[in-house]
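Worksheet: one structure, shown below.
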Amino acid sequence: MRPLISLALIFAALPALTQARNVYETHFSGKQNSACFIRSYDNAHLAKHPDQLVTSITVSISPLSLDGTTPILNIFATFRGDSYYYHGAAYCRYVGDDLGCALEGDQGAFTLSAQKGHKILLQVGRDGLEFEGASGTHSVSGTTGDDRSFLIPSVPAPKCN
């Protein structure tokens, strides 16, 4: 009798197992998702983290990602002492439940994972990230400083436009 009960429990759990989806599917695609994530750091936070260079970061779905087979994301960042919004286009691939993304032009890599409260966690790759813009370049280290990971909440889509 015990094997039948165990087998029944396994089959009951199968639908839950098969419904696990990648962070792209749960946070970026579909009508229920705004596909817009923004984190702005206030002066109090930056004072506690003097090695943090990034003052704001935005992750949004790129209009180039229309087919959904190759997720393309836009990354915008601002840095201390510079109000310019630096941009990078990231081409992503599915890595289990996460996305592994590389900035266009060999400007670095990061991973995105789903977090509670409809947030995403952006973890900078070991080689860091580099953003270029009209004001020059800014680099984010993947091994030192306070810019190695960013917990970014979802916000209404119009904020990314």
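Just so it is clear, none of the values below were taken in a lab; they were calculated from the coordinates. Everything quoted here is computed from the prediction, not taken from an experiment. Using ideal geometry, Cβ is built from the backbone for each residue, glycine included, and neighbour counts are taken over all protein chains shown.
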Next item on the list: Hand me the trypsin sites (Lys or Arg not before Pro) from the range 57-161 located in a DSSP loop with no more than 15 other Cβ atoms within 10 Å, in residue order please.
Entry: Arg80, Lys116
Check: What's the local net charge at Tyr94, with K and R +1, D and E -1, over the other residues with C-beta under 11 Å away?
Finding: -1
Check: To the nearest 20 debye, what charge dipole does the range 15-160 have about its Cα centre, counting +1 at the Cβ of each Lys and Arg and -1 at the Cβ of each Asp and Glu?
Finding: 540
Next item on the list: Quick one: which residues, 5 or more positions from Ser149 or on another chain, have an amide H under 5 Å from its amide H? H modelled 1.01 Å from N in the peptide plane, none for Pro or chain starts.
Entry: Val124
Next item on the list: Enumerate the calculated ³J(HN,Hα) couplings along the range 96-106 in order (Karplus 6.51 cos²θ - 1.76 cosθ + 1.60, θ = phi - 60°), each rounded to whole Hz, writing x wherever the residue is Gly or Pro.
Entry: x, 7, 9, 10, x, 10, 10, 5, 3, x, 6
Check: Each residue of the range 107-118 in turn: what ³J(HN,Hα) in whole Hz from Karplus with 6.51, -1.76, 1.60 and θ = phi - 60°, glycine and Pro shown as x?
Finding: 9, x, 9, 7, 10, 10, 10, 6, 10, 4, x, 6
Check: Once amide H atoms are built 1.01 Å from N in the peptide plane, which residues 5 or more positions from Gly128, or in another chain, come under 5 Å H to H?
Finding: Ala109, Gly142
Notebook entry, point to check: If amide H atoms are built 1.01 Å from N in the plane of the peptide, which residues on other chains or at least 5 residues away come under 5 Å of the amide H of Ile61?
Noted result: Asn74
